[in-house]
Amino acid sequence: MTAARDTVMRRIRDALGPAPAAPEAVPRAYRPAGGPVDFDPVDRFAEVVADYDATVHRVAAADLEDALGRCCRERGATRIAVPPGLPWRVAGVETVADDPPLGARDLDAIDGVLTGCAVAIAQTGTIVLDGAGTSGRRALTLVPDLHLCVVRTDQVLPAVPDAVAAVAPAVREGRPITFVSGPSATADIELNRVQGVHGPRTLDVFLVEG
Amino acid sequence: MSAPGAARPFPEAAREALRDSQLRRNVGKATTTIRAKRAAAVAELPDWEALRAAGSAIKARTMATLPEQLERLEASVTRAGGTVHWARDGAEANAIVAAIAKANGTGEVIKVKSLATDEIDLNDALEREGIHAIETDLAELINQLAGDWSSHILVPAIHRNRAEIRRLFERTIAQGRELSDEPEALTEAARVHLREKFLSVPVAVSGANFGVAETGTIAVFESEGNGRMCTTLPRVLVTVMGIEKVVPEWRDIEVFAQLLPRSSTAERMNPYTSFWTGVRPGDGPEEFHLVLLDNGRTDVLADEVGRQALHCIRCSACLNVCPVYSRTGGQAYGSIYPGPIGAILTPQLRGLDQAPTLPWASSLCGACYEACPVRIDIPTVLVHLRGRVVREVEGKGRGEKAVMQAVARVFGSRRRYETAQKLARLGRGPLGVLGGGAPGLGAWAQARDLPEIPAQTFREWWASREPGDRERGDGGGGSGDAPPAAAGSDRGLGT
């Protein structure tokens with residue numbers, strides 16, 4: 001074990017030579033976190049998410065719970081899982097809190113899941129989950145076939161560097177981060193895009209003024 | 001799926017691939033489609049070139065400080081509750097994975113598509129230990145069920161059409177049930193088959209796109225959700241990661257998470273990216289093992305020109321733009337790493353004598369360098385490796401080397417040069433030999449037509465002119481009195 005480690009380390013030092021070149025400074029001339037963009041993040045987010053064949057519902061905060069209930073009825077979902085402490089109720093739908101944590105088979109048998117998110121990325125249409133709070137545990141947003149995700153407009157950041165910076169404290173705490181950009185998909189058979197392989201096949205995003 | 005064993009020379013394997021019209025059609029369609037989509041995805045980012053420059057510099061910095069970065073990664077993964085293992089070669093890595101599977105009493109492991117584990121033939125090694133590795137990526141599953149191996153890094157079953165896949169699934173995972181050959185129906189069959197495995201198999205094996213030294217965070221970029229399943233549901237997760245996949249800081253992810261999806265699947269972002277850090281109580285696996293793999297990478301690192309091959313982020317953009325790859329497909333390269341990147345990576349990882357023809361599997365057009373999101377100068381490395389093959393690999397290279405040395409000697413002296421030109425007209429001597437296909441020059445001469453040896457050289461014609469003509473010194477420029485074949489002979493060998 002340590003023999004392998006020592007050998008690999010020695011090989012690396014030998015390969016680099018006795019006086020390895022000083023490492024190049026990294027030029028970061030790209031748009032950094034907080035840099036300017038020439039688009040409206042919320043509009044762009046809605047467009048790009050819709051492009052992935054997810055459904056975007058733009059709703060006022062007061063209408064959110066009705067909209068969630070309507071969506072569940074349309075999707076035929078009568079029982080959905082939620083992270084503990086989620087602030088939203090869904091009219092006419094049984095919600096099952098993930099406390100104590102639901103087993104993978106329980107999640108497999110449930111109609112869907114409703115969560116919030118940590119932040120979202122406009123330029124790539126990405127929902128960022130951080131394994132705590134309204135994001136929930138990883139299995140929660142993975143096993144059920146339907147994912148309803150609430151994104152507040154003040155959570156929408158312009159581009160990837162903004163989101164990477166925003167979740168840095170969570171990463172340093174050891175929390176898992178998941179980027180979700182549309183429903184799961186494959187193009188493995190003759191390059192035909194097929195939506196929904198193993199993750200949720202349906203993704204409904206509720207973009208709420210907030 | 002495992003890679004082929006003994007490598008055949010590329011020209012031989014390529015000839016066979018070119019005869020397979022279905023393969024050529026599928027690969028041609030795939031590369032053309034992805035190429036166009038990628039161009040559009042890249043054009044959307046005004047700072048693309050700045051991101052490429054940053055990606056390239058981060059990788060160069062990582063290689064220059066690799067011992068430090070690996071020590072940081074080891075410390076941060078350990079701090080987060082993971083266990084770090086080191087493997088000098090594939091056999092050692094395979095043994096580590098097998099031991100972990102056995103310690104958990106399982107005869108099955110589920111796998112996320114991973115080039116590193118294909119490189120070391122993990123599946124075969126586990127099978128020999130009585131452990132069945134189930135590929136969960138759709139294309140990898142197709143190849144595994146068919147006993148086939150990958151033709152493209154990104155879409156590994158692109159050489160199969162839907163009717164073949166339907167017959168294959170009916171025979172295997174659908175257990176005699178009839179399927180339609182709609183991609184949706186075939187995908188559904190795979191979903192149903194694999195869901196039970198995700199819910200029950202206790203050990204998963206993954207690769208890694210990046211490992212962050214600062215935080216101990218491992219990243220897997222994917223589309224189908226099988227990566228999330230494997231890294232979330234099983235009790236034990238083992239990740240096999242090449243030592244070159246480490247990046248120094250969490251912040252570096254902001255660069256690669258922009259470069260990789262657009263270069264790879266030509267998407268703004270791939271559907272799912274998982275980042276995990278050691279073990280998180282109550283969320284995901286209870287045990288996490290990281291296996292750091294050398295398996296020839298330190299040999300690549302030792303070559304100052306060739307080491308940039310280690311910067312590769314496995315996006316496959318270079319495959320799709322390559323005029324050679326887009327005709328032969330991946331299998332002709334005889335390695336899990338095909339295309340331009342494979343042509344520089346495989347010979348360095350396995351040793352030049354194991355794949356001496358691959359550095360020639362290119363027209364040096366430079367399209368790969370243009371497309372590479374981390375700016376690996378593949379043409380320069382190809383030329384460098386060609387030189388190394390000639391210098392270091394015995395046998396085939398020896399004839400070419402000897403002839404080139406003789407030619408250099410002839411060109412070095414006017415007397416020797418003029419004598420050689422006379423001999424060449426008789427089909428003899430060093431220059432004549434070049435035209436006639438010298439022994440040991442087989443491949444070199446096959447792809448090149450040398451001009452006819454002229455009856456009179458330019459120098460002889462110049463010397464034989466009347467004194468008055470010489471003083472005018474027009475050299476025959478446009479006057480029509482130049483010797484008939486002189487211009488032609490100049491092009492090939494230079495007078």
Report summary line: Sorting A:127, A:170, A:90 by the position of each Cα along the dipole of chain A (Lys, Arg +1; Asp, Glu -1; all at Cβ), the one nearest the positive end of that ordering is A:170
**Report entry** Total charge dipole magnitude, the protein assembly as shown, about the Cα centre, Cβ charges on Lys, Arg, Asp, Glu only, Debye to nearest 20
**Finding:** 2380
Query raised in the report: For the protein assembly as shown, taking Cα atoms only, what is the radius of gyration to one decimal and the Dmax to the nearest whole Å?
Result: 29.3, 109
Query - Amide hydrogen neighbours beyond the local backbone of residue B:84, cut-off 5 Å, H modeled - result: B:290
Query raised in the report: Which distance in nm do the two modelled labels at residue A:94 and residue B:124 give, with both placed 7 Å along the Cα-to-Cβ direction?
Result: 5.2
Query raised in the report: Which value, to two decimals, describes the C-alpha radius of gyration of region A:1-125 once divided by 2.2 N^0.38 Å?
Result: 1.78
Query raised in the report: Using a simple charge model, +1 on the beta-carbon of Lys and Arg, -1 on the beta-carbon of Asp and Glu, nothing else, what dipole does region B:166-296 show about its Cα centre, in debye to the nearest 20?
Result: 260
Query raised in the report: For the residue pair residue B:415 and residue B:460, what label-to-label distance in nm results when each label sits 7 Å from Cα along the Cα-to-beta-carbon direction?
Result: 2.0
Query raised in the report: How long are the three semi-axes of the equivalent ellipsoid of chain B, in whole Å, if each is the root of 5 times an eigenvalue of the C-alpha gyration tensor, listed from largest down?
Result: 52, 25, 21
Requested in this report: Could you state the accessible area per residue of the protein assembly as shown in Å², with a 1.4 Å probe and every protein chain left in place?
Outcome: 39
**Report entry** Between region A:105-161 and region B:139-205, the Cα center-to-center distance that results, in Å
**Finding:** 28
Query - Base-10 log of normalised Debye intensity for region B:144-250 (one unit scatterer per alpha-carbon) at q = 0.09 Å⁻¹ - result: -0.32
Query raised in the report: Carbon-plus-sulfur fraction of the accessible area of the protein assembly as shown, 1.4 Å probe, in percent?
Result: 50
Report task. Take the Cα coordinates of region B:263-337, assign each an equal point scatterer, and use the Debye formula without solvent to give log10 I(q)/I(0) at q = 0.12, 0.15, 0.19 Å⁻¹. Result -> -0.62, -0.89, -1.09
Report summary line: Using the Kirkwood formula on alpha carbons, the hydrodynamic radius of chain A in angstrom works out to 19.2
Report task. Calculate one ³J(HN,Hα) per residue across region B:411-416 by plugging θ = phi - 60° into the Karplus curve 6.51 cos²θ - 1.76 cosθ + 1.60, and present them in order as whole Hz with x for glycine and proline. Result -> 5, x, 9, 4, 5, 5
**Report entry** More than 18 angstrom apart: percent of Cα pairs within region A:63-119
**Finding:** 31
Query raised in the report: For region A:166-192 and region A:9-37, what is the separation of their C-alpha centers, rounded to whole Å?
Result: 26
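Report the charge-dipole magnitude of chain B in Debye, nearest 20, computed about the Cα centre from +1 at each Lys and Arg Cβ and -1 at each Asp and Glu Cβ. Display every interim value, and only then the final one.
On the way: 60 positive and 61 negative charges, 289 e Å.
The calculated dipole for chain B is roughly 1400 debye.
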Report summary line: Cys in the protein assembly as shown lacking any partner Cβ under 4.7 Å -> A:71, A:72, A:117, A:149, B:230, B:312, B:315, B:322, B:365, B:372
Report summary line: GNM on chain A, Cα springs under 10 Å; top mean-square fluctuation among A:116, A:17, A:69 goes to A:17
**Report entry** FRET efficiency estimate (nearest 0.05) - Cβ-Cβ, residue B:249 to residue A:39, R0 25 angstrom
**Finding:** 0.35
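If you take the beta carbon distance between residue B:380 and residue B:108 as r and set R0 to 30 Å, what does 1/(1 + (r/R0)^6) give as a FRET efficiency, to the nearest 0.05?
Step by step, r from the Cβ atoms, then E = 0.10.
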Query raised in the report: What is the calculated FRET efficiency for residue A:78 to residue B:196, with r their C-beta to C-beta distance and R₀ = 41 Å, to the nearest 0.05?
Result: 0.95
Report summary line: Mean per-residue count of partner chain Cβ within 10 Å for A:138-145 equals 5
Query - For region B:119-193, convex hull volume per residue from C-alpha positions, Å³ - result: 91
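How big is the convex hull of the Cα atoms of region B:2-135, per residue, in Å³? Don't jump to the answer; show the numbers that get you there.
Details: hull volume 27.5 nm³, N = 134.
Each residue corresponds to 205 Å³ of Cα convex hull volume.
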Requested in this report: Taking amide H positions as placed in the peptide plane 1.01 Å from N, state which residues far from residue A:116 in sequence (5 or more) or on other chains have amide H under 5 Å from it.
Outcome: A:135, A:150
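The values are calculated or read from the model by the stated rules, or taken from the named source; none is laboratory data. Model, not experiment: these values are computed from the prediction. Glycine also receives a Cβ, built like all others from the backbone with ideal geometry; neighbour counts cover every protein chain displayed. Just so you know, the surface numbers come from the protein's heavy atoms only, side chains and all, with ligands and any DNA or RNA stripped out. Shrake-Rupley method; radii C 1.70, N 1.55, O 1.52, S 1.80 Å.
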